[in-house]
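The values are calculated or read from the model by the stated rules, or taken from the named source; none is laboratory data. Keep in mind that what you see is a predicted model, and the values were worked out from it rather than measured. Counting neighbours? That spans all protein chains shown, and the Cβs are built from the backbone with ideal geometry, glycine included. The protein model used for the area step is the full one, side chains on, heavy atoms only, and it has no ligands, DNA or RNA in it. Shrake-Rupley method; radii C 1.70, N 1.55, O 1.52, S 1.80 Å.
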Amino acid sequence: MPCQYTPMMAKITRRPPPGSKPTASKRVKKSRTRPAASRTPVKPAKAAAKSGQAGAAKTSVGRAPKSRAPRTWTPAEIHEAFSRFRKANPEPKGELEHLNPYTLLVAVVLSAQATDAGVNKATRELFRVADSPQKMLALGEEKLRDYIKTIGLYRTKARNVIALSEKLIAEFGGEVPRTRAEIESLPGAGRKTANVVLNMAFAERTMAVDTHVFRVANRTGLAPGKTPLEVEIELERVIPPEFMLHAHHWLILHGRYTCLARKPRCEVCLINDLCRWPEKTV
């Protein structure tokens, strides 16, 4: 009689090799079995101190006090501030020396990261021999560098002045254009340069925001902003139109001679009673 064979699966048991460490799951289980008595209890003194601090931080109605942003200027206060500026200096002038719109443009381009006094010292002689794009090209980049070598970044600036002179002749008939976009298209000229030229050369009501205007607008709370463009837009929004022609000069001069970066002269400030700066000395 033939015998029947029934196949069976052998059970394989895997054991860890000698010297190996227990798995993470086993270690977790052991840590969970730690008796509660071995855990470090929270000390009552610390708990009481924390509750006391929390209670002290709350007001009588049970809420933490909130810090308040400086109060914004009212239209009447802004009008008063610029009325004082106008009374003290009815016709403010920019301090960059120039002979015409072209030399003004060149002076502003050269003034980037430089002082007006330093630019004036270099351009007095330069503008005697080159007061137009044609004369500047005739002078040439190498000789131009000799005139402006006392100004920071003079090599790059000399290259830009020659390039913008070429573009003025090729695209604008040798004249400085009268729109912001066209001026910004010139080598070395940005938004601030365009605003200065439009304001000083063509009496446009623009707001050029340099480091002084940026500081005054933020420090006083007149027109806070994180970037020069934000400050520019806000100043144009809040300043009455009757003051806009000279507004940027009043603010520049105020920042340059009164609202100084390190030691502001609050005691002689025309608008110290309106200023929102919490650290003012009067």
With the first residue restricted to segment 89-115 and required to be open to solvent by 50 Å² or more (accessible area, probe 1.4 Å), and the second required to be modelled with pLDDT of 95 or more and of a type in the set (Ser, Thr, Tyr), Cβ contacts under 9 Å at 6 or more apart or on different chains are 97/103; 97/123; 98/123
Can you tell me which of (1) part of a helix (DSSP H, G or I); (2) touching a Phe, Trp or Tyr at 6+ places or on another chain (Cβ under 8 Å) is the one residue 98 doesn't meet? (1)
Could you list, in sequence order, the residues of segment 125-138 that are surrounded by fewer than 18 Cβ atoms within 10 Å (Cβ to Cβ) and either in contact (Cβ under 8 Å) with a residue 12 or more places away in the chain or of a type in the set (A, V, I, L, M) (or both)? 125, 129, 131, 134, 137, 138
For segment 151-178, name all the residues that are open to solvent by 60 Å² or more (accessible area, probe 1.4 Å) and more than 20 Å from residue 122 (Cβ to Cβ). 166, 169, 170, 171, 173, 175, 178
